[in-house]
Amino acid sequence: MNGIVAKRAIKILLTLCIVFALLISWQWQTGSQTTVTPEDGVSRQLFDTEIVALLDRRCSNCHGVSVAEYARLETDPDSKLLLRWPVDASGRISSPDLREVAYERARTTRTEGGNKLVPIDAGNPALASKLLLAPLSETYAGMSMVHPVTFTSPTDSDFILLQRWIQTEIDSQPAPVKAPVTPAERFFVDQVMPILERKGCFGSNCHGLGVFNDLKLHPGVPVLEGRFTAAMHHQNRLSMLGHNSAQINMVHLSGDIEQSRQLLKNIPISQGGILHKGGNNFFNMVTRITRYCCSG
Ligand code: HEC
């Protein structure tokens, strides 16, 4: 009788030991996974299962280089801001090592000599990211980049897939801290931007990013809701004020505001305007003054 009890006790003890060991190992496993956030995992998984093949289909013929060539480019500061990833002899991102490099290159911002390559813009919807906009046709992406057209429209299924991955990637990163919008910037966005758009200032031959004159403006992204990101507005406001321009008095902040080039370039010469290749009849000082003095 005693023998049976002892056997039972040993059995129970053994079972308890096994359960305990299982619990410990389960805890250890979940603990070791906490370094990877669930979102991170989802983004990486989508990259490995679908995006690698998409890059090989649509981008690797231009952006893929041999492993040796990639190593060479990485040692050359002039090439560091080019978007490149290593591929195998058949031009594919085929091994885990190649996938790892492609993943990092597609998502990571690089800085070199004061310039940047930002493939994914973590502070905005995916449609503001270069990785998605560069290969999209000008009709939808706008005139801010020059790139061979890979996606003729945002309805291309590969475009939609790439957009989905970029959004997953953005959602997995902590949202960047945005500077609060100052009243001057809000005024620019609400009051000045509509005038610039209405008067056609963003035209590719007028004040787009590629023009050879002193005022370069970001023309926005047609396919993006609201067309402009806060960063584009910020940059455009600084350009309108004459930052990074050889011209002084773009806006005559320290003196008579009416002597600003931004105004003088756009009124008739007979009213004190200065010659503007784009035309001098954008505003009429006489109607403005009449309205001001006589509209009651
Ligand atoms: C026919 C060739 C070609 C194809 C296909 C191509 N690209 Fe490019 N891409 C270029 C060239 C040329 C540049 C300019 C600089 C350089 O050489 O990388 C460029 C630059 C870029 C840039 C950087 C833009 C900048 O302003 O810095 C991104 C991002 C980019 N491509 C993404 C893609 C993606 C994503 C695909 C596939 C969906 C793709 N490209 C397909 C040729 C191509």
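Mind checking which residues of the stretch 144-167 are under 16 Å from T229 (Cβ atoms) and touching a residue at least 40 places away in the same chain (Cβ under 8 Å)? Selection gives S144, I166, Q167.
Contact map, the stretch 57-68: first residue within 7 Å of V87 (Cα to Cα), second residue in a loop (DSSP other than H, G, I, E, B) and within 10 Å of the ligand (Cβ to nearest atom), Cβ cut-off under 9 Å, separation 6 or more or different chains; pairs are G64/R84; V65/R84. Does S94 satisfy the criteria of being surrounded by 13 or more Cβ atoms within 10 Å (Cβ to Cβ), within 15 Å of the ligand (Cβ to nearest atom) and among the polar types (S, T, N, Q)? No. For the stretch 184-236, the tally of residues that are surrounded by 18 or more Cβ atoms within 10 Å (Cβ to Cβ), in contact (Cβ under 8 Å) with a residue 60 or more places away in the chain and part of a helix (DSSP H, G or I) stands at 0.
Considering only residues that are more than 9 Å from the ligand (Cβ to nearest atom) and in contact with a strand residue (DSSP E or B) (Cβ under 8 Å, 6 or more places away or on another chain), which ones fall in the stretch 154-186?
P154
Within the span defined as the stretch 54-63, one or more residues are in contact with a helix residue (DSSP H, G or I) (Cβ under 7 Å, 6 or more places away or on another chain), within 12 Å of the ligand (Cβ to nearest atom) and aliphatic (A, V, I, L, M). Those helices (runs of 4 or more DSSP H) of the stretch 1-95 in which at least 2 residues are modelled with pLDDT of 95 or more and assigned by TED's automatic domain parsing to the domain that holds H147, considering only elements entirely within it, cover 38-46, 52-58, 60-63, 67-74.
The values are calculated or read from the model by the stated rules, or taken from the named source; none is laboratory data. Since the structure is predicted, the reported quantities are computational estimates derived from the model, not experimental observations. Note: ideal-geometry Cβ built from the backbone for every residue, glycine included; neighbour counts use all protein chains shown.
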